[in-house]
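The values are calculated or read from the model by the stated rules, or taken from the named source; none is laboratory data. The structure displayed is predicted, hence computed values, not measured ones. Here the Cβ is made from the backbone with ideal geometry for all residues, glycine too, and neighbour counts use every protein chain on show.
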Amino acid sequence: MKGEFSLRSVRTLFNLDLRSRFGTVRKRGIKYRLHQVANAFFFLLVYAVLVLGMYYITRIFVSRSGLKLEYLTIVAVATMAIATIVSTSTVIKNLYQNGDNEMLLRFPVSGKEILVSKSIYCFLHNLLVCAFIMLPIYISFGIVTGAPAVDYATYLGMMVFSSILPYCIANIIAVPVMKVMNRVKNKFIIVLIFTIIVLCAVFIVYLVSLSNVLSYMRDSQQNFFSASMIDRYRAFASNAYPFNWYAELISGRRLGNLDGHGLLMRFVYLLAINVGLGIIAAIVTSREYYKMILYGIETQKASFRRKIRDKKHSRFYALFRREFFLILRSFNYSFQYLAMACAAPVMVFFCNRLAATMGKNSVGGAIMPGLTLMVIIIFITITVSFASTCISREGNCFYHTKVIPVSYPMQLFVKFCLYAVVASVSVGLCCLVSGLYYTSEAGGKVLTALDVGAIFGICETIVISLTCLCIICDVNSPTFNVSGDGELVAANKNVTLAMIIGIVVAIVFGVFAMLFNFMPLTLNGKLIYTPGDMKNVYLTLAVVSGVLLIGSVAGLWINLNKKYQRIVP
Amino acid sequence: MKKFKCIMCGAINDLDESKQVVECTKCGEKYKNRFYVGSETTLVKAGIPVENKAEDPKTLQEPEASETEEVNEHLYSADEMAASLRQDSMLVVKSLKKIYPKSDRVAVDNISFSLRPGEIFGFLGQNGAGKSTTIKCLTGILPFDSGSITVCGYDIVKDPIKAKMNMGYVPDNHSVYEKLTGREYVNYVADLYKVPSDVRHERLTKFAKLFKLEFAIDRQIKSYSHGMKQKICIIAALIHDPKLWILDEPMMGLDPQSTAEIIAYMREHCAKGNTVFFSSHNLDLVKKLCHRVAIVNEGRLIDLFDLAGNEENKANLEERFFRITGTYDERLFEDYVAQESADMRPDLQKSDALNIQSEPAQEQLGNE
């Protein structure tokens with residue numbers, strides 16, 4: 001990559017980038033401020049819960065088992081893995097896929113200057129991610145081990161130092177990932193199938209590993225900190241190069257086994273690794289970046305040819321097909337919706353199997369119907385929440401929905417049918433898979449035909465209700481924030497709202513079914529719920545889901561014309 | 001005595017030019033006279049009920065004498081204006097008013113006009129004058145605050161589906177579903193307008209050939225250029241052969257050949273008794289193509305006049321536009337007219353002379 005290099009240009013580009021991301025105008029409306037405060041509060045609340053969790057885990061590991069170095073090694077592996085994944089995604093999005101590349105190339109700046117300014121942003125982003133995930137653990141570690149004040153400065157330094165490795169690896173990985181992505185452009189079905197397989201595989205590997213660990217602990221009457229498990233942690237930590245060196249540096253002379261010279265050598269080794277990887281990353285990126293963005297600009301309009309017959313179809317079919325194709329032909333949308341819907345039965349099955357293994361030991365098989373119900377609703381919520389962008393996704397083409405001679409209720413009915421049908425099929429498959437396995441001997445007969453039938457009925461009702469609620473959210477406040485290729489820039493607040501509603505419903509329904517399958521409920525001396533007899537429980541849940549259904553359907557269709565007409569692109 | 005036709009009942013009434021408000025003797029509908037200096041040019045602005053305009057000082061404002069003389073002699077007579085709003089019109093807009101939410105500004109203020117079958121109607125105005133907002137209201141994209149819009153006799157609010165069935169719309173931003181191929185998109189639109197298979201095939205083949213899109217029609221729209229997207233929008237808007245074809249700045253970004261094809265097709269479309277309504281900034285094109293033209297400024301319809309067969313109106317279109325939009329400045333206007341006719345290329349000889357002059361200077365710098 002040739003061209004002049006000026007730090008002044010880099011600074012200007014970096015400032016421009018920051019301004020385009022965060023804006024310069026401060027809105028002063030009270031509603032806006034309240035919104036900001038609420039967002040910040042919600043974020044801090046979630047983060048506080050996470051930090052608290054990290055603190056307790058640190059305390060358990062360090063105080064109870066004395067596995068200080070081993071714990072820090074595991075933490076280093078986990079946090080760096082997360083940072084690498086996040087950083088790779090950031091690098092790909094900002095360096096290679098960002099739509100501003102074409103615009104920036106028109107300015108009198110070199111490719112090298114663009115690369116450096118964007119890399120600064122990526123590095124700072126990576127640093128922030130590392131700070132969020134590493135600092136609370138290191139600080140917790142310091143508190144638990146009673147570290148002196150100077151150690152906290154070391155933790156801060158180590159956090160910064162630890163953030164370099166994931167960033168270098170991310171830059172190296174991003175290049176082949178982008179090359180693969182460029183190769184599979186427009187091969188939608190292949191990508192979809194591949195995504196589903198990968199999604200299922202990752203999930204299965206994760207759950208099987210977790211299940212194996214839990215089984216091992218159960219079978220050998222072990223717990224997390226038995227002598228045998230501690231040996232395993234030690235073995236892992238001693239072989240986890242170079243992460244154990246990071247752990248040794250964090251431990252320092254106070255807690256570790258190394259003297260000053262040893263620590264210095266560890267630091268030199270890690271520095272050498274980081275410098276080596278940094279050089280490789282710099283060479284790979286600078287060699288490929290300019291070529292890659294030019295290729296991206298040249299092929300951003302790469303498309304496929306498809307000859308169809310000029311044949312008349314019904315309006316319903318036309319709208320349905322268009323909606324389906326727009327989802328199928330987008331990587332983001334097909335992953336969010338179709339891949340999740342297809343993978344849901346596999347995920348539900350393995351989740352149930354793991355939960356059944358664990359649950360049976362503690363509270364018995366009685367929790368299985370409730371658990372199945374909860375898991376299915378959670379996974380279906382993820383799929384159905386896609387409906388909460390059904391209008392926003394129209395983007396710049398929203399005007400089209402207003403000018404076509406098809407009523408708004410009809411247009412939304414088609415969308416509703418697509419989402420509800422796919423989710424219903426997914427629910428059907430989830431119930432079929434769970435039903436076939438858990439009603440059999442192999443599955444321990446923890447479910448009956450009544451359970452499966454009732455779960456299916458309740459879940460289908462919830463699917464329709466949630467779909468309606470999601471569409472209502474988007475009708476009320478769509479956000480047409482689309483990128484250059486017409487796709488939504490990010491999930492909007494409606495998705496979050498839909499997810500919250502779905503998860504709340506899943507927890508309430510699941511816990512209700514789990515609870516009253518082994519706990520009797522008497523009202524005025526009359527036994528309402530008998531343990532082991534789920535008929536009344538299902539009846540109650542069916543009534544509640546029926547009310548939800550009526551409410552959501554009415555909420556969507558009543559005054560729909562008026563509400564839709566009010567939407568202005 | 002001059003007469004006017006009531007748009008409500010169709011009764012022909014005498015126009016008392018001395019009155020500010022005239023009333024239909026049959027149904028009692030009231031209309032406001034539009035006054036200009038010089039009593040003989042007193043006209044009825046048909047279709048504007050008195051109640052809506054009574055407080056509007058701008059419409060009562062008397063223009064400068066010199067401007068009035070220029071403008072009024074080309075205006076419609078009272079009964080011509082009223083007659084233009086008859087029920088068999090392709091499009092009737094009555095007292096259309098639109099205010100955007102969270103905005104004090106009236107984007108479209110009491111606009112009324114109608115389109116006849118077979119005419120090409122130009123809609124002019126500066127940027128932000130309210131052209132696109134009016135078009136978005138006509139097509140049902142935007143809700144409006146008051147007034148009515150009737151397409152081929154169907155009210156866009158009460159009977160939107162039938163009204164939209166008679167309309168084809170080409171937006172100014174050429175937004176289409178880019179993940180579909182051109183043929184998929186046109187077929188999708190044809191399905192929505194219930195166009196039979198053989199008819200759509202014939203039309204699609206014809207338009208693809210006409211607009212030179214045959215090579216790209218089976219490709220994804222995202223690979224199309226700006227002009228190609230505009231063309232596919234036009235094909236989709238015409239696939240059901242609409243009676244009313246609405247285009248928002250249609251020639252923007254099109255190559256000269258495509259512009260010529262669209263103009264030719266506009267004429268062909270109108271020759272079949274259909275109507276074309278389009279907004280544009282190209283006064284020259286409007287002058288050559290349109291039967292009638294309306295000029296809007298700050299949301300108000302200021303002028304509406306014939307161009308077909310009226311050479312004087314054609315000749316005065318630019319000046320009228322500049323005056324109405326408040327951008328008239330004698331010197332600038334003269335420059336504009338001069339630009340239209342004169343050779344605007346910079347004098348190459350002068351430039352060469354400059355270059356030659358600068359060379360010794362550069363050499364001198366090099367030597368230093």
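Values for this structure:
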item	result
Residue count for region B:220-250, restricted to those that are under 21 Å from B:G122 (Cα atoms) and crowded, with 18+ Cβ neighbours inside 10 Å	16
Top-ranked residue of region B:133-150 - restricted to ones that are touching a strand residue (DSSP E or B) at 6+ places or on another chain (Cβ under 7 Å) and among the hydrophobic types (A, V, I, L, M, F, W, C), ranked as nearest to B:I295 (Cα to Cα)	B:I135
Residue among A:F325, A:F316, A:F304 that alone is surrounded by fewer than 17 Cβ atoms within 10 Å (Cβ to Cβ) and facing chain B (nearest Cβ under 9 Å)	A:F304
Residue selected from region B:239-269 under the condition among the aliphatic types (A, V, I, L, M) and in a loop (DSSP other than H, G, I, E, B), by the criterion farthest from B:M167 (Cα to Cα)	B:L254
Search result, residues across region B:195-220 that are touching a Ser or Thr at 6+ places or on another chain (Cβ under 7 Å) and within 11 Å of another protein chain (Cβ to nearest Cβ)	B:D218, B:R219, B:Q220
Meets criteria (basic (K, R), crowded, with 19+ Cβ neighbours inside 10 Å and either in a helix (DSSP H, G or I) or in contact (Cβ under 8 Å) with a residue 12 or more places away in the chain (or both)) for A:R287	no
Subset of region B:240-257 [within 17 Å of B:A190 (Cα to Cα) and more than 10 Å from chain A (Cβ to nearest Cβ)]	B:D241, B:P242, B:K243, B:L244, B:W245
Matching residues, region B:201-219, being of a type in the set (D, E) and either outside any loop (DSSP other than H, G, I, E, B) or touching an Asp or Glu at 6+ places or on another chain (Cβ under 6 Å) (or both)	B:E202
Sole residue being in a helix (DSSP H, G or I), farther than 16 Å from B:L192 by Cβ and out of contact with any strand residue (DSSP E or B) (no Cβ under 7 Å at 6 or more places or on another chain), chosen from A:F386, A:F398	A:F386
Subset of region A:259-281 that is of a type in the set (A, V, I, L, M) and either surrounded by 17 or more Cβ atoms within 10 Å (Cβ to Cβ) or in contact (Cβ under 8 Å) with a residue 24 or more places away in the chain (or both) - its residue that is nearest to A:S162 (Cα to Cα)	A:L270
Identity of the residue in region A:543-569, under 30 Å from A:K445 (Cα atoms) and surrounded by 15 or more Cβ atoms within 10 Å (Cβ to Cβ), that ends up farthest from the other protein chains (Cβ to nearest Cβ)	A:V544
Residue within region B:278-285 that is within 14 Å of chain A (Cβ to nearest Cβ), surrounded by fewer than 21 Cβ atoms within 10 Å (Cβ to Cβ) and closer than 15 Å to B:D172 by Cβ present	no
Unmet criterion (only one of (1) touching a residue at least 12 places away in the same chain (Cβ under 8 Å); (2) more than 23 Å from the chain's Cα centre (by Cα); (3) farther than 29 Å from A:A237 by Cα; (4) assigned to a helix (DSSP H, G or I)) for A:N94	(2)
Criterion: free of Cβ contacts under 8 Å to residues at least 40 places away in the same chain, more than 25 Å from the chain's Cα centre (by Cα) and either surrounded by 18 or more Cβ atoms within 10 Å (Cβ to Cβ) or over 27 Å from A:V144 (Cα atoms) (or both) - qualifying residue of A:G29, A:G66, A:G111	A:G29
Check on B:A271, more than 14 Å from every other protein chain (Cβ to nearest Cβ), surrounded by fewer than 16 Cβ atoms within 10 Å (Cβ to Cβ) and without any contact (Cβ under 8 Å) to a residue 12 or more places away in the chain	no
Residue pairs meeting the criteria (Cβ under 6 Å; at least 6 apart or on separate chains; first in contact (Cβ under 8 Å) with a residue 40 or more places away in the chain and facing chain B (nearest Cβ under 8 Å), in region A:395-411; second of a type in the set (G, A, S) and part of a helix (DSSP H, G or I))	none
Where B:T134 falls short, out of the listed (1) of a type outside the set (A, V, I, L, M, F, W, C); (2) in contact (Cβ under 8 Å) with a residue 60 or more places away in the chain; (3) in contact with a His (Cβ under 9 Å, 6 or more places away or on another chain)	(3)
A:G435 being outside any loop (DSSP other than H, G, I, E, B) and either buried (at least 23 other Cβ atoms within 10 Å of the Cβ) or within 14 Å of another protein chain (Cβ to nearest Cβ) (or both)	no
Test result for B:S146, among the hydroxyl-bearing types (S, T, Y) and under 24 Å from B:D306 (Cα atoms)	no
Residue match in region B:289-311 (condition: aliphatic (A, V, I, L, M), modelled with pLDDT of 80 or more, in a helix (DSSP H, G or I) and closer than 21 Å to B:P171 by Cα)	yes
Filtered residues of region B:178-194 (kept if closer than 25 Å to A:S330 by Cα and at the interface with another protein chain (Cβ under 7 Å from one of its Cβ atoms))	B:E178, B:K179, B:L180, B:T181, B:R183, B:E184, B:N187, B:Y188, B:D191, B:L192
